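One structure is given below, encoded as structure tokens.
What follows draws every value from the coordinates through simple rules; no lab data is involved. For clarity, every value in this text was computed on a predicted model and none was experimentally measured. Please note: Cβ atoms are built from the backbone with ideal geometry, for glycine as well, and neighbour counts cover all protein chains shown.
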Amino acid sequence: MTFFIKAWLERKNKMEQIYDLIIVGSGPAGLGAAIYAKRAELKTLVLEKEAVSGGQVLTTYEVDNYAGLPGIGGFDLGMKFREHADKLGVEFAEETVLKVEEAETDGELLRAAEAGPTLKQVVCQGRTYLTKTVLIASGAHHRKLDVPGEEELLGMGVSYCATCDGAFFKKKTVAVVGGGDVAIEDAIFLARFCKKVYLIHRRDTLRGAKSLQKRLTECENAEILWDTVVESINGTEKVESLHLRNKKTGEGRELSVDGVFIAVGISPNTAAFDGLAAMDAGGYIVAGEDGCTSEPGIFAAGDVRTKALRQIVTAVSDGANCVSSVERYLNGQG
């Protein structure tokens, strides 16, 4: 009898540790999904490698396009998302995910768990978790220029976050590299307290929103350097200048600056999921608005998936759509 009781307790313990859904990442997509999953009464765990939830929104100075909260600070918005999840009792764990794979379990456990054909295991540095479905919402990271001086002077005038480090450059001359929304927003933000701001763009037109471009032109201390690329970032103990080259004329020049903020796009954080589901050439997980990937039971939301518009509002929407897809999958409809 003791043997059967022990076996029963071991199986019961395994069952209690199986999640309906594990969400990797706690940015707007992950937190949005967590809120919907908890309301759907799914046994859910959110894994986040950072100490604070929110993702890239935490480094956004001002969010003016999130419905109902015009002008809210990015950090404040991220905290509101997390507070909502905490209020619902969402379970979180600080973990770095190494890989996701099919779990090695016996058929009886699968049937008891009602997990369909397979269970997934999420392998982390700390431990391994069992789950019926996985939602990848791991976000993205800043791309680099890959020019001499960029790595060497990181933190000594080279930055990828104007809202994080801009305060160190009050009344100084800085440059922003890029031509999208983030680059323009950074230039506008820095122009509020910097002596001079150069926006360096490799093309002759900006990609950012027209409303942002208009605001930039209204900044008297901001100047756009068109058709220009950075070939090196120079300095000894701190950034002192940039070596620039005009792509059309071929002319090179030195530009004296105290700091440079690089905003040339993002790359998805999908290295841990290589081979798990289909990805495009850029490393983004191929998934539609429903979040469904090429691998049953694996879903993707937010900046990691293929999509035309990567914004906070679309990330939160992705999270909600994914939970709907997870429910259909768990009910045998997906």
Nearest 10 degrees, 0 to 90: what angle lies between the long axis of helix 181-191 and the longest principal axis of the chain (Cα atoms)?
50
In whole angstrom, the spacing between the Cα centers of region 252-322 and region 116-152 equals 12
Estimated vicinal HN-Hα couplings, Hz - region 315-332 in sequence order (Karplus 6.51, -1.76, 1.60; Gly, Pro = x)
5, 4, 4, 4, x, 5, 4, 4, 4, 4, 5, 4, 4, 5, 5, 5, 8, x
Can you bin region 144-262 into rounded, prolate or oblate? Criterion: square roots of the alpha carbon gyration tensor eigenvalues sorted a ≥ b ≥ c, rounded for a/c under 1.5, prolate for a/b above b/c, oblate for the rest.
oblate
By how many nm would the segment from VAL286 to MET156 grow when fully extended, if each residue of separation counts as 0.36 nm and the alpha-carbon distance is taken off?
43.0 nm
In degrees from 0 to 90, rounded to the nearest 10, what is the angle of the helix 2-16 Cα long axis to the longest principal axis of the chain?
30
Show me 186-193, 76-83, 316-323 ranked by packing, highest mean number of other Cβ atoms within 10 Å first.
316-323, 186-193, 76-83
For the chain, calculate the relative contact order in percent as a whole number, restricting contacts to Cα pairs under 8 Å that are 6 or more residues apart.
19
I'd like the Karplus ³J(HN,Hα) series for region 40-51: coefficients 6.51, -1.76, 1.60, θ = phi - 60°, whole numbers in Hz, and an x wherever there's a Gly or Pro.
8, 6, 8, 6, 10, 10, 10, 9, 9, 7, 8, 6
DSSP-defined beta bridges in region 144-262 - what % are antiparallel, rounded to 5
40
Which of (i) 1.07; (ii) 0.99; (iii) 0.94 is the computed Rg/Rh (Cα atoms, Kirkwood Rh) for the structure on display?
(i)
Considering amide H positions built from the backbone, and no H for Pro or chain starts, which residues 5 or more places from HIS141, or on another chain, come under 5 Å of its amide H?
SER267, ASN269
By residue number, which cysteines of the chain lack any other Cys whose Cβ falls under 4.7 Å from their Cβ?
CYS124, CYS194, CYS219, CYS292, CYS322
How far is helix 74-87 tilted off the main Cα axis of the chain, in degrees rounded to 10, range 0 to 90?
10
Starting from the Cα-Cα distance between LYS99 and GLN311, subtract it from 0.36 nm times their residue separation and give me the gain in nm to one decimal.
73.7 nm
Taking amide H positions as placed 1.01 Å from N in the peptide plane, with prolines and chain starts having none, which residues 5 or more places from VAL52, or on another chain, fall under 5 Å of its amide H?
none
Explain nothing, just the number: dipole magnitude of region 144-262 about its Cα centre with +1 on each Lys and Arg Cβ and -1 on each Asp and Glu Cβ, in debye rounded to the nearest 20.
480
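Listed highest first by mean packing, meaning other Cβ atoms within 10 Å per residue, what order do 63-69, 235-241 come in? Present the calculation step by step, with values, prior to reporting the outcome.
Details: 63-69: 12.3, 235-241: 15.1.
The peptides rank, most packed first, as 235-241, 63-69.
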Interchain or sequence-distant (5+) residues whose placed amide H lies within less than 5 Å of the amide H of THR228 are HIS201, ARG202, ARG203, LYS247
Taking a 29 Å limit on the Cα-Cα distance, which of the listed pairs LYS49/LYS214; LYS120/LYS307; LYS49/LYS87; LYS195/LYS238 fall beyond it?
LYS49/LYS214
What list of ³J(HN,Hα) values in whole Hz, one per residue of region 238-253 in order, does the Karplus curve 6.51 cos²θ - 1.76 cosθ + 1.60 (θ = phi - 60°) give from phi, with Gly and Pro shown as x?
7, 5, 10, 6, 10, 9, 10, 9, 7, 5, 7, 9, x, 6, x, 7
Roughly how big is the chain's charge dipole about its Cα centre, with Cβ charges of +1 (Lys, Arg) and -1 (Asp, Glu), in debye to the nearest 20?
480
